[in-house]
1. Could you pull out the pairs from LYS92/LYS156; LYS82/LYS134; LYS123/LYS156; LYS95/LYS156 whose alpha carbons sit more than 24 Å apart here?
2. What residues of the range 1-16 lie in the reach of a label at LYS156, counting those whose backbone N is under 15 Å from a point 7 Å from the Cα along Cα→Cβ?
3. Looking at the range 67-98, which GluC sites (Glu not before Pro) are in a loop (DSSP not H, G, I, E or B) and have at most 11 other Cβ atoms within 10 Å?
4. If you rank ILE6, ILE79 by fewest surrounding Cβ atoms within 10 Å, what's the result?
5. Run the simple label-point estimate for GLU133 and ASN116 please: 7 Å along Cα→C-beta, distance reported in nm.
6. Starting from the Cα-Cα distance between ILE163 and ASN99, subtract it from 0.36 nm times their residue separation and give me the gain in nm to one decimal.
7. Are there trypsin sites (Lys or Arg not before Pro) in the range 53-154 that DSSP puts in a loop and that have at most 15 other Cβ atoms within 10 Å, and which ones?
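What follows draws every value from the coordinates through simple rules; no lab data is involved. Remember, predicted model here, so these are calculated numbers, not experimental data. Every residue, glycine among them, receives a Cβ derived from its backbone with ideal geometry; neighbour counts consider all protein chains shown.
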Amino acid sequence: MERIRIPISAIGEILYCPRNFYYRVMEKANDYNHHVLKGKIEENKRNEKEKLKTRERSKIRNVYLESEEYNMVGVLDEIEEKDGQYYPVEYKKGKKQNNINDHVQLCCQALLIEANMNVSLEKGYIYYSSSYEKGEVYFTEELRELTINAIENANKIIEEEIIPPPINDNRCEGKIKK
Ligand code: SF4
């Protein structure tokens, strides 16, 4: 069987609850199969004008990227380019918040861009649709280390195929699976 790749959209689960990551990714492997993801995005692209250009900057939307090195795959909402610098841009529902899981997810996008485009990224942005606010996220050494650790933990779960133990604390409130 083909090895499951880490979907960026599920990386936050590793920080929140590794067991939940297992349920989400391993038990729904088909939904996250990278061929399926790629097919969906190519279909979207046919229906959408994907590249928007202004005088100062260009944006590419719905970008499918994968990395052998990280065993990771994702569809990025948007990559913005300005003066030769690239910035991942993620769109979130709700109001602006300082959520480390969101920062790790954005940092995963940065790692994918760096791996595929041979560039180095300084920062990215998260847009919050309810408050129309933009958050700036710097890819610091600390955030990169946290992100790499999350990726390593996710890959360990995928390789070992062992369900992590329940965390049994208040994070479990309101959750279905135990
Ligand atoms: S109920 Fe608790 S241990 Fe189980 S998946 Fe949810 S958060 Fe994790």
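1. Flagged as over cut-off: LYS92/LYS156; LYS123/LYS156; LYS95/LYS156.
2. Correct set: 14-16.
3. On the way: sites: GLU68, GLU69, GLU78, GLU80, GLU81, GLU90; in loops: GLU68, GLU69.
Passing sites in the range 67-98 are GLU68, GLU69.
4. Sorted ascending by nearby Cβ count, the order is ILE79, ILE6.
5. With each label placed 7 Å out from Cα toward Cβ, I get 3.0 nm.
6. Values: separation 64, 0.36 × 64 = 23.04 nm, distance 2.57 nm.
Net length gain for the segment: 20.5 nm.
7. For trypsin sites (Lys or Arg not before Pro) across the range 53-154 that sit outside H, G, I, E and B with at most 15 neighbouring Cβ atoms in 10 Å, the list reads ARG55, LYS93, LYS95, LYS96.
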